[in-house]
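The structure appears right after this line, and notes come after that.
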Amino acid sequence: MSLTAERLDRISPSQTIVITGKARALKAAGKDVISLSVGEPDFDTPQNIKDAAIAAIQRGETRYTDVAGTMELRRAVAAKFKHDNGIDYAPEEIIVTTGGKQVIFNALLATIDAGDEAIIPTPCWVSYPDIVALAEGVPVFVPCGPNQRFKMTPEQLEAAITPRTKWLILNNPSNPTGAAYDAAELNALTDVLLRHPHVWVFTDDIYEKLAFDGLRPATIVQVEPRLRERTITMNGCSKGYAMTGWRIGFAGAPLALIKAMDKLQGQSTSNTSSISQAAAVEALNGPQDSVAAMGAVFQRRRDLVVRMLNEAPGLHCLVPEGAFYVFPSIHGCLGKTSAGGRAITDDAAFVEALLEEEGVAAVHGSAFMFPGHFRISYATDDATLTEACTRIQRFCAGLR
Ligand code: GLU
C-alpha cells in the first residue's frame, strides 16, 4: 500500500518554492547564485508595523482569536475595501487567513464538488490549478498570450463557460505577467458574467498596491456591484506591505461563503497568528507612505529589467503594468545550444541552463501553464538586478 493518498498525485510541488529552495541550497554550498525566482519584496516590513506587533506581544495578545480574525482587524479590512475599492463589506463578511493561499484553499475546498470547473486564464500563478485539482475540480485553461497583453477577452470568457463552471479565477495585477485590467477591461468581462448567474468569481488582488504609471487596477465588485453576491475579493498584506513572513491574507465575500470558509479553517489552522493580526491592523490603518515609496522603487526596477532583457538576443519582454514580475518570451532562443553545450529545447531547459551556467535562478513559463517564457521577480536591489540581467544577456548572446 502506498504511503501517500491518491489526492496527492493530483498536484505537483509549487515550482516557485522548489526553484527558490534549489537556489538557496546552491548558495549555501558556496555557489554564486542570484535568485530571482520567488515573489517576495526585498524590503523590510515598515517600522510602525513591527512596533505594533511588539506592542501586541507586550500587551499579552498571545492567545487564540476568532477563527476569522480579531474584530479589530476585520473592521480594518472592511474599511480598506471601502476606502480603496468602494465596496461595502460588514466585518462578518470578512475572513483573515494564514496568507493569501489559505483564502484560495478555503474558498475552493468549501465550494467545489468533483467535476466542477474553474476557468483560469493563463499564464496563471502556479498554485491555482493545483488547489482546484485538490478540491477534485477541473481547471479550464484559457491561454492569453502577449499578443493580447496577457489579458482574457470577453469572447474567450464566454466560450469557456459551461453548465459545470463554478468559478472564474482572476488575478489582477497578475503573477507571473504583471498585466493589470483597468475598469473598462473588467467591465467587458462582467458583462459576460451577468449573463451566467451560476458562475462565481474569485478575484485575487494581492498585487493591488503595486501598479505603475498611475494605473489603479480595478476589482470586480467595484466595477459591477451586481456581482457582489457571487464574488470573493481577496487581498492581503504580504506584497504591498512587505509582510510575506507574517502570513496575513484576507477576503470579503457574501456571508454564506465566509461561514463555509470559517468552518473549514476552524478544522485546520484556526486563526492566523494573533501577533501578525495586530501588525496587520497597523498596516491597514496606519500611515501608507511606505507603500507608495516601495511602489516607486519597483517601477524604477521594472524599467531597468525590461530594458536590459529586451537588449538580450532572443528575448522579448512586454512592459508590465503591476506586480513585480516580468514574463519574457524566449522564442528566439529555442532550438539553440548554450555556451556550456546544453540544448535549449524548451523553457525548462532554458532556466536550467541559465542557473547552471550563469547562476541566475528564474522560473520556467510552463510552471505558469504558459511555455516559451520565463518569469523573473525583480523584487531585489538595482545592483543585483543589473548583474543578473547582464548575466542573462551574456547567456543569450552565447547561444548558437
Ligand atoms: N507568490 C509568490 C511567488 O509566486 C510566493 C511563492 C509562492 O507561494 O508561490 O513566487
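The values are calculated or read from the model by the stated rules, or taken from the named source; none is laboratory data. In this text, all values refer to a predicted model and were calculated from it rather than measured experimentally. Cβ atoms come from the backbone with ideal geometry, glycine included; neighbour counts cover every protein chain shown. Just so you know, the surface numbers come from the protein's heavy atoms only, side chains and all, with ligands and any DNA or RNA stripped out. Shrake-Rupley method; radii C 1.70, N 1.55, O 1.52, S 1.80 Å.
Of everything in the stretch 213-258 that is β-branched (Val, Ile, Thr) and touching a Leu at 6+ places or on another chain (Cβ under 8 Å), the residue that is farthest from the ligand (Cβ to nearest atom) is Val223. Taking the listed residues Gly341, Gly314, Gly332, Gly322, the one that is within 16 Å of the ligand (Cβ to nearest atom), more than 17 Å from Ser366 (Cβ to Cβ) and not aromatic (Phe, Trp, Tyr) is Gly322, with no other qualifying.
Of everything in the stretch 353-400, what is more than 16 Å from the ligand (Cβ to nearest atom), in a helix (DSSP H, G or I) and open to solvent by 20 Å² or more (accessible area, probe 1.4 Å)? Give them in sequence order. The answer is Glu356, Glu357, Glu358, Asp382, Ala383, Thr384, Thr386, Glu387, Thr390, Gln393, Arg394, Ala397.
Among the residues of the stretch 317-343, those that are in contact (Cβ under 8 Å) with a residue 24 or more places away in the chain, open to solvent by 10 Å² or more (accessible area, probe 1.4 Å) and outside any loop (DSSP other than H, G, I, E, B) comprise Ser329, Thr337.
The helices (runs of 4 or more DSSP H) falling completely within the stretch 1-103 that include 3 or more residues that are at pLDDT below 95 and within 16 Å of the ligand (Cβ to nearest atom) map to 15-28. Only residues in the stretch 166-182 that are farther than 20 Å from Glu40 by Cβ count as the first member; pair them with residues that are within 12 Å of the ligand (Cβ to nearest atom), Cβ under 8 angstrom, at least 6 apart or cross-chain, and list the lot. Partner pairs satisfying both residue conditions: Ile169/Cys124; Ile169/Tyr128; Ile169/Asp204; Leu170/Asp204.
Of the residues Leu257, Leu304, which is crowded, with 20+ Cβ neighbours inside 10 Å and in contact (Cβ under 8 Å) with a residue 12 or more places away in the chain? The conditions single out Leu257. Restricted to the stretch 108-136, and to residues there that are within 16 Å of the ligand (Cβ to nearest atom) and open to solvent by 20 Å² or more (accessible area, probe 1.4 Å), the residue that is farthest from Pro154 (Cα to Cα) is Leu134.
Filtered by the rule that a residue be in contact with an Asp or Glu (Cβ under 7 Å, 6 or more places away or on another chain) and at pLDDT 95 or above, the stretch 214-239 gives Thr219, Thr233, Met234, Asn235. Consider the stretch 41-71. How many of its residues are basic (Lys, Arg) and more than 20 Å from Thr244 (Cα to Cα)? Of the residues in that region, 2 qualify. Out of the residues in the stretch 192-210 meeting the condition of being open to solvent by 30 Å² or more (accessible area, probe 1.4 Å) and within 22 Å of the chain's Cα centre (by Cα), tell me which one is modelled with the lowest pLDDT. Only one residue tops the list, namely Lys209.
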